[in-house]
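Some notes on the structure that comes next.
The values are calculated or read from the model by the stated rules, or taken from the named source; none is laboratory data. Please read these numbers as outputs of a predicted model, since none were measured by experiment. All Cβ positions, even for glycine, are placed from backbone atoms using ideal geometry, and neighbour counts span all protein chains on display. These accessible areas exclude ligands, DNA and RNA; they are computed on the full protein's heavy atoms, side chains included. Shrake-Rupley method; radii C 1.70, N 1.55, O 1.52, S 1.80 Å.
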Amino acid sequence: MNRILDERCCIALENKSDVRAAGDEAYDMAEKAPASIRVSFPVKEGVIAGLADMQLLTAQMYRKLNDGKRVNGADFCIAVPTDISGVQRRAFTDVIYRAGLREHSVSIVDMPIACAVGAGIHIFSGTPSMIVNIGGSRTGIAVIAEGGIAAYSAVPVGGDLFDEKIIQTVRRGYNLLIGHKTAENLKKQIGSALPGSPQVSVSAFGRNVLSGLPSRSTITADVICEAYASDLKQIGAAILSTLEKTPSVTAGQIRENGFYLTGGTALMRNIRPFLTKETGIPCAVAPSPSEAAIRGIIAIASDRQLAGIARRPENELF
């Protein structure tokens, strides 16, 4: 079954462990749930910050994936960030072991490798490639050669930070306090990596910071673009910095062939031409970039030629 469940990593809890909602339904409750309901985001900055919440969320998502049916065990493969510690890496597998899913096996794969496979890159072809995965809270940049990671770096820049910068910019420019969901909607509706659309605008609702009263303002596209401009430049600088750590022949091939963008933020308007201009390197957006990692996991789990990429936790050196 190659079914993909694409939902938020979010869970709403009452009385600490009573699940009220999970995934997108829980995210819809954020910023408006009563005090008795806690909306939790158990993964922060690429690692599990709330192990118990993540166990509950994993169990809920597993049931939803199987339409509520009780499945007697399965094989699990998890994509994890490359540069996290052994303890942080083990937390991802512990979630499966402790969630009561009757697992048959659990394996892990590096996130850049999963993204590369999901982007349709033949990682054993002999031609090196670069993956730039812009996640929620960090951007991972990896040079992949001969099926492994030849160079890697990460910067604390991602979609969540862009939303935070939009909140700050709107507050300074319009004296309007908006929430994270409103900021995300502004980013999706009129956000762009390049300025030049001052006539494009959208109305946003929030609270006036001077009067404290509900208020509405018209936000322009250029204001949104300005909010995270420096962060996008940081991604461009990190790409060049990663190439500097790459052997010269490999770096030369990547400069000629370009790099691939994955992650939800890869769908931002004009991000491809922006990063091409910043780095001087051709840039392509992977097909279905927000699903690249999970599509890579599916391929790795089902293709015998790729199965060796995934590693069992007991083989990891923690």
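Considering only protein heavy atoms and a 1.4 Å probe, what is the carbon-and-sulfur percentage of the accessible area of region 1-134?
Within region 1-134, the accessible surface is 47 percent carbon and sulfur.
Averaged per residue, what accessible surface does the chain expose to a 1.4 Å probe, in Å²?
Solvent-accessible surface per residue comes out at 50 Å².
Suppose we look only past 37 Å in the calculated P(r) of the chain. What percent of the Cα-Cα pairs does that tail hold?
21
Once Lys and Arg get +1 and Asp and Glu get -1 on their Cβ, which of Phe41, Leu56, Met29 lies farthest toward the positive end of the dipole of region 24-125?
After comparing all options, I get Leu56.
For the charge dipole of the chain, defined by +1 on Lys and Arg C-beta atoms and -1 on Asp and Glu C-beta atoms about the Cα centroid, which residue among Asn185, Asn270, Cys77 has the Cα displaced farthest towards the positive pole?
Sorting the options by dipole projection puts first Asn185.
How far apart, in nm, are two points set 7 Å out from the Cα along the Cα-to-Cβ line at Asn66 and at Asn208?
5.5
Give me log10 I(q)/I(0) at q = 0.15, 0.17, 0.21, 0.22 Å⁻¹ for region 134-258, Debye formula, one equal scatterer per alpha-carbon, no solvent.
So the normalised log intensities are -0.73, -0.84, -1.08, -1.15.
Tally Lys and Arg at +1 and Asp and Glu at -1 over the other residues with C-beta under 15 Å from the C-beta of Cys283: what net charge comes out? Walk me through the intermediate numbers first.
Working: positive: Lys233, Arg255, Arg269, Arg272, Lys277; negative: Glu256, Glu278.
So the surrounding residues net to +3.
Quickly work out the Leu177-to-Ser241 label distance, labels modelled 7 Å from Cα along the C-beta direction, and quote it in nm with one decimal.
If labels sit at Ser241 and Leu177, their model points lie 3.4 nm apart.
Give the longest segment of the chain that steers clear of trypsin sites (Lys or Arg not before Pro) in DSSP loops with at most 16 neighbouring Cβ atoms within 10 Å, not counting the sites themselves.
103-244
Region 189-223 to region 105-127: how many Å between their Cα centroids?
39
At 1.4 Å probe size, with the rest of the protein present, what percent of the exposed accessible area of region 222-318 is carbon and sulfur atoms?
For region 222-318, the apolar C and S fraction of the accessible surface comes to 50 percent.
At 1.4 Å probe size, with the rest of the protein present, what percent of the exposed accessible area of region 142-209 is carbon and sulfur atoms?
50
Dipole of the chain (Lys/Arg Cβ +1, Asp/Glu Cβ -1, origin at the Cα centre): which of Ser290, Val223, His104 lies farthest to the positive side?
It is Val223, whose Cα lies furthest towards the positive end.
Using the Karplus curve 6.51 cos²θ - 1.76 cosθ + 1.60 with θ = phi - 60°, work out ³J(HN,Hα) for each residue of region 293-298 in order, rounded to whole Hz, and write x for Gly and Pro.
Going residue by residue, I get 5, 5, 5, x, 4, 4 Hz, with x marking Gly and Pro.
Relative contact order of the chain: what whole-number percent is it, with Cα pairs under 8 angstrom and at least 6 residues apart?
17
For the chain, what is the charge dipole size about the Cα centre, in debye to the nearest 20, if Lys and Arg each add +1 at the Cβ and Asp and Glu each add -1 at the Cβ?
Around 460 debye, computed over the chain.
Region 212-318: which GluC sites (Glu not before Pro) are DSSP loop and have at most 14 other beta-carbon atoms within 10 angstrom?
Answer by residue number: Glu316.
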